[in-house]
Amino acid sequence: MGNLVKQEIYKLVKRPTLTYFWGFLLVFQIAAAVYVSHNPQVVNPQKAFLGNFFVPAMIAFFMISLCSTTLSTEIQSGTLKSLLYRKYSVYQVLISKWLSLLIYTITLYVAGMIISLVLHWMMFQKTIPLSVQLPGGHSFLQVWALTSLGSFLSLIFLLTFVLLIGTLFTSSTAALVAGIATYFITSIFNQLLFQFIIQHDWLKWTPFNMMNIGDQIMTPSMSEVTHLSLFEMSAGYLVYAVLFLGAGLIIFRRRNTR
């Protein structure tokens, strides 16, 4: 299994699009920081830094496209069959792909956070003191770390559903459209969800509400609108993530063992 994961990571690293994305990510983050530093009246520097200079949104779009098409691309190229015909089981092949994508997502997030700290040191030391205490007892650095963690957890939850969708398609185009559509649908519905929960309390258990786990970690008072404690939301988060991935395994196995 370990060798298979290493092989999947190697395949990811060797993709030209991933190399280009690293370059794009670096240039985008630097450009965003420069713009914020010169236009603080347009974009609040503190909020920009807390959001890692908007790079999580870029990572989200890229990983959604990658996760939704990782299987369909290999189905179309025929490389998936060569893996299944070897000693690896259907489960090993799919889980190794998921683990490699998780590792890559973590790598992107950590890199984005490191670059943010470097940009802060270069441009925002005076305007954003990281040691300053904010309301709630946390330092600005702690709030930044919690914000980054929350953004990461929300993306991982969304990606578990995107990976499920990816097992349903053999066409890369269809899988990509479905993955991007999922992102916009969940974003839009999540904004309306709190009003619906007031009227129908059972909606608090829907997966859309679990997407708010990151915000609730950072702001415990979010429980007043999500109607769930952090423990309940964490449990729901894990249960839905396991269900999505489990359903993906079943669909993938049935498709490839016929």
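The values are calculated or read from the model by the stated rules, or taken from the named source; none is laboratory data. Because the structure is predicted, anything quoted here is derived from the model rather than measured. No Cβ is skipped: glycine too gets one built from the backbone with ideal geometry, and neighbour counts run over all protein chains shown. Side chains are part of the model used for accessible areas, which takes the heavy atoms of the whole protein and leaves out ligands, DNA and RNA. Shrake-Rupley method; radii C 1.70, N 1.55, O 1.52, S 1.80 Å.
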Legend entry - Conditions (1) exposed (fewer than 13 other Cβ atoms within 10 Å of the Cβ); (2) more than 16 Å from the chain's Cα centre (by Cα); (3) not aromatic (Phe, Trp, Tyr); number of the one not met by ILE185: (2)
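Just to be sure before I move on: is PHE231 surrounded by 19 or more Cβ atoms within 10 Å (Cβ to Cβ) and either touching a residue at least 40 places away in the same chain (Cβ under 8 Å) or on the phi < 0 side of the Ramachandran plot (or both) in the structure I sent? Walk me through it before giving the result.
Details: surrounded by 19 or more Cβ atoms within 10 Å (Cβ to Cβ): no; either touching a residue at least 40 places away in the same chain (Cβ under 8 Å) or on the phi < 0 side of the Ramachandran plot (or both): yes.
Taking the combined requirement at face value, the residue does not satisfy it.
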Legend entry - Yes/no for GLY214 being assigned to a helix (DSSP H, G or I), within 19 Å of TRP98 (Cα to Cα) and not aromatic (Phe, Trp, Tyr): no
Legend entry - Test for GLY248: is it open to solvent by less than 70 Å² (accessible area, probe 1.4 Å) and over 23 Å from VAL143 (Cα atoms): yes
Legend entry - Members of the stretch 37-51 that are part of a helix (DSSP H, G or I) and touching a residue at least 60 places away in the same chain (Cβ under 8 Å): SER37, PRO45, GLN46, PHE49, LEU50
Inset, instruction - Answer yes if at least one residue in the stretch 157-169 is in contact with a Ser or Thr (Cβ under 8 Å, 6 or more places away or on another chain), crowded, with 21+ Cβ neighbours inside 10 Å, in a helix (DSSP H, G or I) and of a type in the set (Phe, Trp, Tyr), and no otherwise. - result: yes
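With PHE28, PHE54 as the choices, which residue is at positive phi, in a helix (DSSP H, G or I) and at pLDDT 90 or above? Steps first, please.
Working: PHE28 fails: at positive phi.
Of PHE28, PHE54, the one residue that is at positive phi, in a helix (DSSP H, G or I) and at pLDDT 90 or above is PHE54.
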